[in-house]
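Below is one structure, written out as structure tokens; the observations come after it.
Laboratory data are not the source of any read-out in this text; all were calculated from the coordinates shown. As the structure is a prediction and not an experimental result, all values here were calculated from the model. Please note: Cβ atoms are built from the backbone with ideal geometry, for glycine as well, and neighbour counts cover all protein chains shown.
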Amino acid sequence: MRNSLTQTWLINRLENVGVHTDKTELSSALAGRRKGAKVEKVIKESLKILQDYEEKMGVVS
């Protein structure tokens, strides 16, 4: 991950917003090896979480 965050960190944040996944599923989703509604939700929520993190850390200009 570009922010040196781990997949475990992201999985924990996803759990906090009600999206349940594991390392295997997340890795496959990020690599584009899985498709479907759940993967779309994982990606959508992950992007929200990362954007929020970057804004709070001053990474996004």
**Message:** What distance in nm lies between label points placed 7 Å from Cα along the C-beta direction at Lys48 and Asn16?
**Reply:** 1.3 nm
**Request:** Would you mind giving the three semi-axes, in whole Å and largest first, of the ellipsoid equivalent to the chain according to its Cα gyration tensor?
**Result:** 20, 12, 11
**Message:** For the chain, which trypsin sites (Lys or Arg not before Pro) pass both filters: DSSP loop (anything but H, G, I, E, B) and at most 10 other C-beta atoms within 10 Å?
**Reply:** Arg2, Arg33, Lys35
**Asked** Helix 37-57 versus the longest principal axis of the chain: what angle, 0 to 90°, nearest 10, using Cα atoms?
**Response** 10 degrees
**Prompt:** Could you give the nm distance between label points at Met57 and Thr8, where each point is 7 Å from its Cα heading toward the beta carbon?
**Reply:** 1.7 nm
**About the Cα centre, charge dipole magnitude for the chain (Lys/Arg +1, Asp/Glu -1 at Cβ), debye** = 240 debye
**Request:** Calculate how steeply helix 7-16 sits against the longest principal axis of the alpha-carbon atoms of the chain, using the helix alpha-carbon long axis, and give the answer as 0 to 90 degrees to the nearest 10.
**Result:** 90 degrees
